[in-house]
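The values are calculated or read from the model by the stated rules, or taken from the named source; none is laboratory data. Model, not experiment: these values are computed from the prediction. Cβ coordinates were reconstructed from backbone atoms using ideal geometry, including for glycine residues, and neighbour counts include every protein chain displayed. Keep in mind that these areas ignore ligands, DNA and RNA; they rest on the heavy atoms of the full protein, side chains included. Shrake-Rupley method; radii C 1.70, N 1.55, O 1.52, S 1.80 Å.
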Amino acid sequence: MAQDFLDKMRSNSARRARRARRQESLEDLKARALATPRPAGVTLSSGGFDIIAEIKLQAPSAGKLADAALDIGACARSYAEAGAAAISVLTEPDRFGGSLVHLETASAALQDSDIPTMRKDFLVDPHQVWEARAAGAGGVLLILQMLDDMALAEMLEAAREAGLFVLLEAFDGEDLQRSRRLANTPGLLVGLNCRNLRSLKVEPGRFEQLASEFPEGPPRVAESGLANALDISLVAELGYNLALVGSALMQSADPGALLAGMLEAGREVRV
């Protein structure tokens, strides 16, 4: 069930955070993170539509997406060269095959560009936000359903202090209503993930059903189940400013061409 999945992810994430705190204090981590160059933020194009391209080796809904020997740096560079506005990197190890090393590798590969990486994980502790900054990320994803108001405020404050943008992920209308209270947060993107957490199936109709629930101001991100240029055209027509695309790119024989085609489709709609 939905809460069972999120509760499991929350528990695993909290355990990882406790282990990381034992290995390095928050104060030492902050100092190490702030000694790194300030990361780039997300810059939206004048074309009216952008894509956050994702690197992930596996997913519960799709199974294995790429070999463990994937050249993470080369993948990140190819996405950037194809026009991605940011590179999302899964760091959750148990269900997604991710690692902070993947984030570090992607960030290093893009260090001479203005394209940021984003840590995508089930983050529950400010320590994990600072881990992202220390790994070179320019942003983090935060899931509304995993964080109560106090925890969310702590995470947003950590992101602000670390200089990171935040993709705030919603799954339903209640999440989007809650996001409205945060609409004035600097560097905020608000995303709608159309995946049903109970069945893990995508429900693309949610993009239209919930489009009117978004807060005014922050860029809107469509997430999950976007496989081709037509899918991108549809969400662009609904007023979304970006799409987060992962599995389709990871499974494509030519991800750069697919990404470029998606961008063209989205921008044709927004002209």
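Scanning segment 62-85 for residues that are touching a residue at least 60 places away in the same chain (Cβ under 8 Å), surrounded by 15 or more Cβ atoms within 10 Å (Cβ to Cβ) and among the small types (Gly, Ala, Ser) returns Ala66, Ser78, Ala82, Gly83, Ala84, Ala85.
Here is a yes/no grid of residues against (1) under 16 Å from the mean Cα position of the chain (by Cα); (2) of a type in the set (Phe, Trp, Tyr); (3) under 26 Å from Tyr79 (Cβ atoms):
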site	(1), (2), (3)
Lys120	yes, no, yes
Gln128	yes, no, yes
Val166	yes, no, yes
Phe171	yes, yes, yes
Asn196	no, no, no
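For segment 100-127, enumerate the residues that are farther than 14 Å from Ile52 by Cα, modelled with pLDDT of 95 or more and hydroxyl-bearing (Ser, Thr, Tyr). Selection gives Thr105, Ser107.
Highlighted here are the strands (runs of 3 or more DSSP E) found entirely within segment 183-271 that include at least 1 residues which are among the polar types (S, T, N, Q) and closer than 19 Å to Leu144 by Cβ: 188-193. Starting from segment 168-191, keep only residues that are among the aliphatic types (A, V, I, L, M), then list their pairs with residues that are open to solvent by 10 Å² or more (accessible area, probe 1.4 Å) and in a helix (DSSP H, G or I) whose Cβ atoms are within a distance under 7 Å, requiring at least 6 positions of separation or different chains. As it stands, the answer is Leu168/Leu182; Leu176/Glu213; Leu188/Leu182, since those pairs meet every condition given. Listed by position, the helices (runs of 4 or more DSSP H) contained in segment 91-171 that have at least 2 residues being surrounded by 19 or more Cβ atoms within 10 Å (Cβ to Cβ) are 100-109, 126-134, 149-162.
Here is a yes/no grid of residues against (1) touching a Leu at 6+ places or on another chain (Cβ under 7 Å); (2) closer than 19 Å to Val140 by Cβ; (3) in a helix (DSSP H, G or I):
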site: Leu29; (1), (2), (3): no, yes, yes
site: Ala33; (1), (2), (3): no, yes, yes
site: Ala40; (1), (2), (3): no, yes, no
site: Gly47; (1), (2), (3): no, no, no
site: Glu54; (1), (2), (3): yes, yes, no
site: Ser61; (1), (2), (3): yes, no, no
site: Asp67; (1), (2), (3): no, no, no
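Which residues, taken from segment 76-90, are in a loop (DSSP other than H, G, I, E, B) and under 11 Å from Pro255 (Cβ atoms)?
Ala82, Ala84
Tally the residues that are among the hydrophobic types (A, V, I, L, M, F, W, C) and under 24 Å from Thr43 (Cβ atoms), restricting the search to segment 189-206.
Initially, segment 189-206 is screened for residues among the hydrophobic types (A, V, I, L, M, F, W, C), giving 189-190, 192, 194, 197, 200, 202.
Next, only the ones that are under 24 Å from Thr43 (Cβ atoms) stay: 189-190, 192.
Summing the residues that are among the hydrophobic types (A, V, I, L, M, F, W, C) and under 24 Å from Thr43 (Cβ atoms) in segment 189-206 gives 3.
Just to be sure, is Ala257 open to solvent by 50 Å² or more (accessible area, probe 1.4 Å) and either under 27 Å from Thr91 (Cα atoms) or at pLDDT below 95 (or both)?
In short, yes.
Taking interchain pairs and intrachain pairs at least six residues apart, which have beta carbon atoms under 8 angstrom, with the first residue in segment 256-271 and farther than 15 Å from Tyr79 by Cα and touching a residue at least 60 places away in the same chain (Cβ under 8 Å) and the second open to solvent by 50 Å² or more (accessible area, probe 1.4 Å) and of a type outside the set (Gly, Ala, Ser)? Cβ pairs passing all conditions: Val269/Glu237.
Being at pLDDT 95 or above, within 17 Å of the chain's Cα centre (by Cα) and open to solvent by 30 Å² or more (accessible area, probe 1.4 Å), is that true of even one residue in segment 234-241? Among the residues of segment 234-241, at least one is at pLDDT 95 or above, within 17 Å of the chain's Cα centre (by Cα) and open to solvent by 30 Å² or more (accessible area, probe 1.4 Å), which makes the answer yes.
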